[in-house]
Amino acid sequence: EEFAFFDDLKAAATRRGSDLATLRQQGDWRRILALVLGSEGLNFASLPKGLIPFHRYPEGSRTPIREHLMEAGAYALSRERAARVHFTVSEEHLAAAQEDFAAFRRERREFTVEIGTSCQKPSTDTIAVTLENEAFTDASGRLNFRPGGHGALLENLNDLRGDLVFVKNIDNVAPDRLKADTIRYKKLLCGLLIEIQETAFGFLRRLEAGPVDEGLV
């Protein structure tokens, strides 16, 4: 009952002519897992982590994507009260992510979100290896490539051309009751970064304006 998707699971069982309480009483865990993971139920086995209901609130559950959007609204709003957020999403999950974005926009009115997306570039894929650390090949002998780690997304970030970018992975989300520390320190870090940026830019402007003495250098 503590899972954020519990109510969705009950509804999925009902749609398939079952009763979740009865299945639990009978210990039919195979059937329950099929409803959680399979296409006949919630289909979580085919969803990215960002689209699985993760935290429960009185008004309903939130996916990690929505938690990230809520957090952005707490410390990264423009003067127009818009949060600009960018997600890297696998191509096969892009349509489902767009549906979650649209649902968030319909439900939230206190700020707006401008959402960009990109896919991890195939050029950053890395060779898959076996447990013996040898190159993994498919049945026809071709090398098998897999998406690289988080560092592979630096190219995507660079393409944004943003002055300041807050970076978080999809797992790193907290419910509202635990967000206060995150918000406080994100603001402090951003303020410090802006101070450093202004100092560096100030030196650059003076160097460009010239003449430059040894003391300034």
message: If I filter region 116-136 for residues that are in contact with a His (Cβ under 8 Å, 6 or more places away or on another chain), at pLDDT 90 or above and among the hydroxyl-bearing types (S, T, Y), do I get at least one hit?
response: yes
field: Any hit, region 75-91, residues being within 29 Å of L188 (Cβ to Cβ), at pLDDT below 95 and assigned to a helix (DSSP H, G or I)
entry: yes
- line: The condition of being touching a helix residue (DSSP H, G or I) at 6+ places or on another chain (Cβ under 6 Å) and open to solvent by 30 Å² or more (accessible area, probe 1.4 Å) holds, among L37, L47, L33, only for L37
message: Residue pairs, Cβ under 9 Å, 6 or more apart or interchain, first in region 110-127 and under 15 Å from V89 (Cα atoms), second open to solvent by less than 60 Å² (accessible area, probe 1.4 Å) and of a type in the set (F, W, Y). List them.
response: I115/F87; I115/F101; I115/F104; G116/F87; T117/F87; T117/F101; S118/F87
- request: Quick one: in region 192-217, of everything that is farther than 23 Å from L164 by Cβ and open to solvent by 100 Å² or more (accessible area, probe 1.4 Å), which residue is nearest to the chain's Cα centre (by Cα)?
  value: V217
task: May I ask you to list the residues in region 114-173 that are under 26 Å from P64 (Cβ atoms), hydroxyl-bearing (S, T, Y) and either open to solvent by less than 60 Å² (accessible area, probe 1.4 Å) or in a helix (DSSP H, G or I) (or both)?
output: T117, S118, T124
query: Scanning for something over 30 Å from A4 (Cβ atoms), open to solvent by less than 90 Å² (accessible area, probe 1.4 Å) and hydroxyl-bearing (S, T, Y), does region 181-191 turn up at least one residue?
result: no
statement: Note on region 20-74: residues more than 17 Å from F6 (Cβ to Cβ), hydrophobic (A, V, I, L, M, F, W, C) and out of contact with any Asp or Glu (no Cβ under 8 Å at 6 or more places or on another chain) are A45, L69, A72, A74
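Residues checked against (1) open to solvent by 40 Å² or more (accessible area, probe 1.4 Å); (2) over 24 Å from I194 (Cα atoms):
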position: I52; (1), (2): no, yes
position: E59; (1), (2): yes, yes
position: E71; (1), (2): no, no
position: A82; (1), (2): no, no
position: A95; (1), (2): yes, yes
position: F111; (1), (2): no, no
query: Out of all the residues in region 176-217, which are modelled with pLDDT of 95 or more and not in a helix (DSSP H, G or I)?
result: none
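The values are calculated or read from the model by the stated rules, or taken from the named source; none is laboratory data. Model, not experiment: these values are computed from the prediction. So basically every Cβ, Gly included, is an ideal-geometry build from the backbone, and we count neighbours across all protein chains shown. For accessibility, only protein heavy atoms count, side chains too; no ligands or nucleic acids. Shrake-Rupley method; radii C 1.70, N 1.55, O 1.52, S 1.80 Å.
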